[in-house]
């Protein structure tokens with residue numbers, strides 16, 4: 001039995017109601033623009049909800065709008081940019097089924113046709129109203145003979161088509177439901193990607209949050225292997241709104257939470273989550289990962305990833321991505337600012353001023369020019385700090401266990417002991433691996449100059465807080481800047497407790513080194529991009545625990561993703577399964593780490609579904625999935 005697909009235009013094919021957009025254009029110079037626009041929206045909703053006749057709705061809106069032919073080019077351009085994301089993802093569906101797809105709308109052909117024909121929809125399959133213009137180009141009405149200009153118009157139009165087969169309707173309004181109600185359609189799918197109308201959803205056979213869902217339910221060709229609205233994303237710790245927007249636009253079911261979660265809370269929350277986004281507070285332990293039965297990927301919206309048990313995640317085939325460069329500048333600027341403030345003893349002077357005490361004195365106040373800056377950790381942040389500090393006149397020394405190229409005139413120290421003994425200012429920028437715990441303690445403080453300025457903007461556990469406090473109190477450290485702590489509150493509602501509170505010339509900040517609008521937006525764009533690339537294409541570029549593979553775009557093939565324990569012979573077994581089923585390999589990519597192997601195989605479109613079972617059954621398989 002042949003299948004036909006009846007698709008609405010406003011708020012379905014496009015994200016918007018065309019009349020609302022037209023109002024912005026045609027009323028741009030009208031003194032009561034906002035008032036009229038609201039009236040049009042109200043009338044549209046009344047019609048959509050079936051509370052007034054469509055003919056009445058159409059006439060009222062046209063009278064209020066008074067559009068002109070000159071308004072149409074701008075409207076069409078805007079509508080093309082507002083096509084629903086899941087429709088754009090599934091262009092192949094429209095080209096494959098172009099003979100069976102009809103756009104039936106109570107809107108107007110003049111602006112609908114230019115938008116939908118770009119998807120391969122045939123002009124004769126676009127059924128809509130048509131404007132009537134006067135000689136000056138002003139809209140003076142519409143074709144009243146067209147059934148779509150009257151009540152029950154979509155039903156009448158569909159009767160005239162006399163479609164012989166199964167009919168499926170996709171739309172968001174009452175007029176779309178009427179087709180099913182009249183008996184002319186097998187099923188009505190309430191499309192909720194752009195707008196949710198409760199009274200329409202109640203009447204639907206299925207609620208489809210995206211075209212992906214519709215295609216999946218009906219076993220039709222689709223650009224993805226699984227509807228993204230069924231993929232649950234959990235974003236914690238107030239990640240930037242741009243990340244939420246990106247992932248929702250991609251079609252994922254996104255839940256965001258402003259704070260971190262304790263281990264037991266996260267164990268419960270993560271059970272049905274496929275994508276997890278965190279910042280620095282949330283601890284993703286082996287226990288948490290044991291409860292994460294569906295988890296595919298973790299995004300750390302920060303530089304560090306030591307809050308994640310990477311070994312456990314890798315064993316479960318979970319890829320991890322971070323933002324190694326996105327907040328570098330922000331951290332560096334905070335370090336520079338704190339060095340200047342502490343060298344001038346500004347924190348204490350500011351506190352006295354707030355208490356009404358005027359203490360104008362140069363005592364204990366110095367320029368940073370000519371001072372020795374000691375940088376422990378010469379990664380992205382340490383190296384960029386080196387350049388800026390040198391430009392301000394500081395002499396830069398650094399120490400890193402790994403061989404790093406010195407920038408500018410920076411001098412590499414042979415040991416940590418050498419760095420600590422010559423620096424006037426010491427700033428830490430190392431990672432949070434367990435071996436770095438208390439790397440600065442009693443013995444290290446003894447090596448430092450009296451009156452040293454000390455900063456830690458890396459990880460809280462790398463400094464012994466008891467020893468740090470003692471050396472601030474006894475005057476060994478003349479100024480201290482701390483942005484990170486061994487324990488940090490999970491939310492802004494929890495009290496910050498620390499032995500460093502109330503100490504002289506000490507700047508305490510709540511882990512905000514990377515918390516600038518620019519950095520958070522950069523991270524909000526970067527990390528979701530990496531996670532979505534992994535889900536959509538299998539690409540692992542910049543993953544911190546997977547072999548790094550940058551893959552070509554998949555065309556006219558299936559992509560098989562096989563993650564396995566790194567033992568000999570797995571690739572041969574994969575290829576044997578394919579050979580046994582007569583499947584041609586279009587492309588294949590393999591990379592390994594000490595722990596896992598990652599094989600990407602692109603194969604021809606047609607294949608025996610038994611192949612999937614055989615792939616999953618290969619010994620030492622950790623995870624296997626198929627991409628269309």
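The values are calculated or read from the model by the stated rules, or taken from the named source; none is laboratory data. The model shown is predicted, which means the values in this text are computed figures rather than measured ones. Cβ sites come from the backbone with ideal geometry, for glycine too, and all protein chains shown count toward neighbours.
Take residue 581 and tell me if it is farther than 29 Å from residue 302 by Cα, outside the structural domain of residue 249 (by TED's automatic domain parsing) and touching a residue at least 60 places away in the same chain (Cβ under 8 Å). When the stated conditions are applied, residue 581 does not pass them. From 122, 91, 60, 35, which residue is closer than 25 Å to residue 193 by Cα and free of Cβ contacts under 8 Å to residues at least 40 places away in the same chain? Among 122, 91, 60, 35, only 122 is closer than 25 Å to residue 193 by Cα and free of Cβ contacts under 8 Å to residues at least 40 places away in the same chain.
On the stretch given as the stretch 545-575, residues that are under 23 Å from residue 609 (Cα atoms) and surrounded by 16 or more Cβ atoms within 10 Å (Cβ to Cβ) total 13. Taking the stretch 63-88 as the range and being touching a residue at least 60 places away in the same chain (Cβ under 8 Å), farther than 27 Å from residue 218 by Cα and surrounded by 22 or more Cβ atoms within 10 Å (Cβ to Cβ) as the test, the residues that pass are 67, 79. Among the residues examined, residue 446 qualifies as surrounded by fewer than 20 Cβ atoms within 10 Å (Cβ to Cβ), out of contact with any strand residue (DSSP E or B) (no Cβ under 8 Å at 6 or more places or on another chain) and in the same structural domain as residue 383 (by TED's automatic domain parsing). The criterion of being surrounded by 19 or more Cβ atoms within 10 Å (Cβ to Cβ) and either without any contact (Cβ under 8 Å) to a residue 40 or more places away in the chain or in contact with a helix residue (DSSP H, G or I) (Cβ under 9 Å, 6 or more places away or on another chain) (or both) holds for residue 320.
Among the residues of the stretch 605-621, those identified as surrounded by 14 or more Cβ atoms within 10 Å (Cβ to Cβ) and more than 15 Å from residue 569 (Cα to Cα) are 607, 611, 612, 614. Scan the stretch 600-608 and tell me whether some residue there is touching a residue at least 60 places away in the same chain (Cβ under 8 Å) and touching a strand residue (DSSP E or B) at 6+ places or on another chain (Cβ under 9 Å). Yes, there is a match, as at least one residue in the stretch 600-608 is touching a residue at least 60 places away in the same chain (Cβ under 8 Å) and touching a strand residue (DSSP E or B) at 6+ places or on another chain (Cβ under 9 Å). Among the residues of the stretch 28-39, are any outside the structural domain of residue 253 (by TED's automatic domain parsing), under 22 Å from residue 117 (Cβ atoms) and surrounded by 15 or more Cβ atoms within 10 Å (Cβ to Cβ)? Looking for residues that are outside the structural domain of residue 253 (by TED's automatic domain parsing), under 22 Å from residue 117 (Cβ atoms) and surrounded by 15 or more Cβ atoms within 10 Å (Cβ to Cβ), one finds none in the stretch 28-39, hence no.
Evaluating residue 406 against the criteria (1) under 30 Å from residue 540 (Cβ atoms); (2) assigned to a loop (DSSP other than H, G, I, E, B); (3) touching a strand residue (DSSP E or B) at 6+ places or on another chain (Cβ under 7 Å) leaves one unmet condition, (1). Exactly one residue out of 602, 594, 580 is more than 34 Å from the chain's Cα centre (by Cα) and modelled with pLDDT under 95: that is 580.
Report yes if some residue within the stretch 557-572 is part of a strand (DSSP E or B), more than 16 Å from residue 538 (Cβ to Cβ) and not assigned by TED's automatic domain parsing to the domain that holds residue 295; otherwise report no. Let's see the steps before the verdict.
Of all residues in the stretch 557-572, those part of a strand (DSSP E or B) come to 558-565.
Filter once more, keeping what is more than 16 Å from residue 538 (Cβ to Cβ): 565.
Those still in the list that are not assigned by TED's automatic domain parsing to the domain that holds residue 295 too: 565.
Yes; the residues of the stretch 557-572 include at least one that is part of a strand (DSSP E or B), more than 16 Å from residue 538 (Cβ to Cβ) and not assigned by TED's automatic domain parsing to the domain that holds residue 295.
Before we move on, is residue 365 assigned by TED's automatic domain parsing to the domain that holds residue 455 and either buried (at least 19 other Cβ atoms within 10 Å of the Cβ) or part of a loop (DSSP other than H, G, I, E, B) (or both)?
Working: assigned by TED's automatic domain parsing to the domain that holds residue 455: yes; either buried (at least 19 other Cβ atoms within 10 Å of the Cβ) or part of a loop (DSSP other than H, G, I, E, B) (or both): yes.
So residue 365 passes the test.
Would you please list the contacts, defined by Cβ atoms under 7 Å and residues six or more apart or on different chains, that run from a residue in the stretch 138-152 that is in the same structural domain as residue 66 (by TED's automatic domain parsing) to a residue that is in a loop (DSSP other than H, G, I, E, B)? Pairs found: 139/67; 140/134; 142/130; 143/130; 146/130; 149/143; 151/53.
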